[in-house]
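Asks: Below you'll find the structure I mean.
The values are calculated or read from the model by the stated rules, or taken from the named source; none is laboratory data. Treat the numbers as computed from the prediction; the structure is a model and nothing was measured. Cβ coordinates were reconstructed from backbone atoms using ideal geometry, including for glycine residues, and neighbour counts include every protein chain displayed.
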Amino acid sequence: MRVLAFIVILASLVSSLARAEDEDPSALATVHLTHPVELARGRASVVSLGIALAPGVHLLEDGPLILSLDGVALSPQHRTLRRRDAVDPRADVPRFEVELKPERAGTPSLTAKLTAWVCRGPRCRPVELDVPLPLALAAESATHAHP
């Protein structure tokens, strides 16, 4: 009887570990703009990027956290950010402020690649995901307003 109970517990444990590994990374964490911002061509603007975690999930405190930015028709001031670059590096869910400067031509777009370790309870796993971030350009007439 004890052997059967042990086998049932072991099977349950293996099953839960397999489910955690199979869980879609975007269901565990994502990157988002903390507030909408309108960019003006040729002018630098600061955007705030936050990391959102699923309920019951937390970042591994001493684990790597890298946010890589890839832009089209814009120039991020920093392309690679680490936890130490966050507004509050010790925060449970860090937030980053990044200066972006849209180029004079083209439609700007920004993709954030998050590389981190996330944990649910005592189990942790690496997560890598690419998140396209919505950007809006200010109307051309508003950027060329006369004083």
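Asks: Restricting the search to region 105-121, which residues are out of contact with any Gly (no Cβ under 8 Å at 6 or more places or on another chain) and at pLDDT 90 or above? Don't jump to the end; show me each part of the working.
Replies: Taking region 105-121 as the starting set, the residues that turn out to be out of contact with any Gly (no Cβ under 8 Å at 6 or more places or on another chain) are 105-107, 112-115, 118-119.
Those that are out of contact with any Gly (no Cβ under 8 Å at 6 or more places or on another chain) and at pLDDT 90 or above: A112, K113, L114, T115, V118, C119.
Asks: A further question on this structure: Can you work out which of the residues in region 39-83 that are among the small types (G, A, S) and in contact with a Phe, Trp or Tyr (Cβ under 9 Å, 6 or more places away or on another chain) is farthest from S109 (Cα to Cα)? Before the answer, list the steps.
Replies: Filtering region 39-83 down to residues among the small types (G, A, S) leaves 40, 42, 44-45, 48, 50, 52, 54, 56, 63, 68, 71, 73, 75.
If we keep only those that are in contact with a Phe, Trp or Tyr (Cβ under 9 Å, 6 or more places away or on another chain) as well, we get 48, 50, 63.
Details: S48: 15, G50: 17, G63: 29 Å.
Ranking the qualifying residues of region 39-83, first place goes to G63.
Asks: Does P55 count as loosely packed, with under 15 Cβ neighbours inside 10 Å, touching a helix residue (DSSP H, G or I) at 6+ places or on another chain (Cβ under 7 Å) and not in a strand (DSSP E or B)? Reasoning before the result, please.
Replies: On the way: loosely packed, with under 15 Cβ neighbours inside 10 Å: yes; touching a helix residue (DSSP H, G or I) at 6+ places or on another chain (Cβ under 7 Å): no; not in a strand (DSSP E or B): yes.
It is false that P55 is loosely packed, with under 15 Cβ neighbours inside 10 Å, touching a helix residue (DSSP H, G or I) at 6+ places or on another chain (Cβ under 7 Å) and not in a strand (DSSP E or B).
Asks: Which residue out of E103, E99 is under 17 Å from H35 (Cβ atoms) and of a type in the set (D, E)?
Replies: When all the criteria are applied, what remains is E99.
Asks: Here's a follow-up. Confirm whether G42 is surrounded by 14 or more Cβ atoms within 10 Å (Cβ to Cβ) and outside any helix (DSSP H, G or I).
Replies: Details: surrounded by 14 or more Cβ atoms within 10 Å (Cβ to Cβ): no; outside any helix (DSSP H, G or I): yes.
For G42, the condition - surrounded by 14 or more Cβ atoms within 10 Å (Cβ to Cβ) and outside any helix (DSSP H, G or I) - is not met.
Asks: Does D70 satisfy the criteria of being loosely packed, with under 15 Cβ neighbours inside 10 Å, without any contact (Cβ under 8 Å) to a residue 12 or more places away in the chain and in contact with a strand residue (DSSP E or B) (Cβ under 8 Å, 6 or more places away or on another chain)? Spell out how you get there, then give the answer.
Replies: Working: loosely packed, with under 15 Cβ neighbours inside 10 Å: yes; without any contact (Cβ under 8 Å) to a residue 12 or more places away in the chain: no; in contact with a strand residue (DSSP E or B) (Cβ under 8 Å, 6 or more places away or on another chain): yes.
Spelling it out, it is not the case that D70 is loosely packed, with under 15 Cβ neighbours inside 10 Å, without any contact (Cβ under 8 Å) to a residue 12 or more places away in the chain and in contact with a strand residue (DSSP E or B) (Cβ under 8 Å, 6 or more places away or on another chain).
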